[in-house]
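A.B. asks: After the structure tokens below, expect a handful of questions from me.
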Amino acid sequence: MGLAQSTLSEQGVPTPVEALASAGLIDEAITSYKISRLADDKNDGEITFGGLDDTKFDPSTLVTFDNAATNGFWEGAMDSVSVDGQDLGLQGRTAILDTGTTLIVAPDADAQAVHAAIPGAQSDGQGGFTIPCNTNASVALTFAGQAFAIDTRDLIFAQADNTGENCVSGISSGEIDGDTTWLVGDVFLKNAYFSTDVTKNTISLAKLV
């Protein structure tokens, strides 16, 4: 079968899903992820090879879009970023979706814009930000016309000090690939069903149920 994407394997060998599909053990070279949240106490994370587990997501929210990366990563066009429903005007952005990354890393100007819209947020001067531990700000990323909100529990990454008032934001700043590329990790991906299709070279996201 033809595989549209160059493998990320350091050894230059097929990834597990590529090998399984080539051997005919699964119908399609699809890998799907449901990442559990410790605070939910459900231990219900899963990885599915060969398809999507439609018991984990709302099919009416499923969107599929092209993979823009050519280096083995999964990167898609990000329509918009909003805070509490306010569109921040960040157009022409792409996001590398990576289950192996914990935080969201945005270009500095974008990270500044996001936190400027969160009351009480402050820069630490080193690429990180603090936000009030009791914030109820809703940050959402939109792909293929579907907005996916980040649960506040994921936006609050850790305590910043021993006062209990300031917490480390799950969104930091850094240069990934110029000033329009975001690296989007589990802070976001815990909030969506995430699927990649090597053969079609597409990414799918849906809201969890």
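The values are calculated or read from the model by the stated rules, or taken from the named source; none is laboratory data. Just so it is clear, the model here is predicted, and its values are computed rather than measured. Note that we place each Cβ from the backbone using ideal geometry, even for glycine, and neighbour counts take in every protein chain shown.
A.B. asks: Please work out if S32 is among the hydroxyl-bearing types (S, T, Y), modelled with pLDDT of 90 or more and surrounded by 12 or more Cβ atoms within 10 Å (Cβ to Cβ).
C.D. replies: For S32, the condition - among the hydroxyl-bearing types (S, T, Y), modelled with pLDDT of 90 or more and surrounded by 12 or more Cβ atoms within 10 Å (Cβ to Cβ) - is met.
A.B. asks: Of all residues in the range 155-176, count the ones that are under 14 Å from V105 (Cα atoms) and either among the charged types (D, E, K, R) or not in a strand (DSSP E or B) (or both).
C.D. replies: Residues in the range 155-176 being under 14 Å from V105 (Cα atoms) and either among the charged types (D, E, K, R) or not in a strand (DSSP E or B) (or both): 5 in total.
A.B. asks: Just to be sure, is A160 modelled with pLDDT under 95, aliphatic (A, V, I, L, M) and touching a Ser or Thr at 6+ places or on another chain (Cβ under 9 Å)?
C.D. replies: yes
A.B. asks: Would you confirm whether or not the range 187-202 contains a residue that is closer than 30 Å to P16 by Cα, of a type in the set (F, W, Y), in a helix (DSSP H, G or I) and in contact (Cβ under 8 Å) with a residue 24 or more places away in the chain?
C.D. replies: yes
A.B. asks: Here is a check on your reading of the model: is G170 buried (at least 23 other Cβ atoms within 10 Å of the Cβ), more than 16 Å from M78 (Cα to Cα) and not aliphatic (A, V, I, L, M)?
C.D. replies: yes
A.B. asks: From the list G128, G120, pick out the single residue that is of a type outside the set (V, I, T) and out of contact with any Pro (no Cβ under 7 Å at 6 or more places or on another chain).
C.D. replies: G128
A.B. asks: If the requirement is being without any contact (Cβ under 8 Å) to a residue 24 or more places away in the chain and closer than 20 Å to F148 by Cβ, which of these qualifies: N43, N67, N136?
C.D. replies: The match here is N136.
A.B. asks: Continuing with the same structure: Do any residues in the range 105-132 that are free of Cβ contacts under 8 Å to residues at least 60 places away in the same chain have Cβ atoms under 6 Å from those of residues that are in a helix (DSSP H, G or I), where the two are at least six apart or on different chains, and which pairs are they?
C.D. replies: Partner pairs satisfying both residue conditions: A121/H115; F129/H115.
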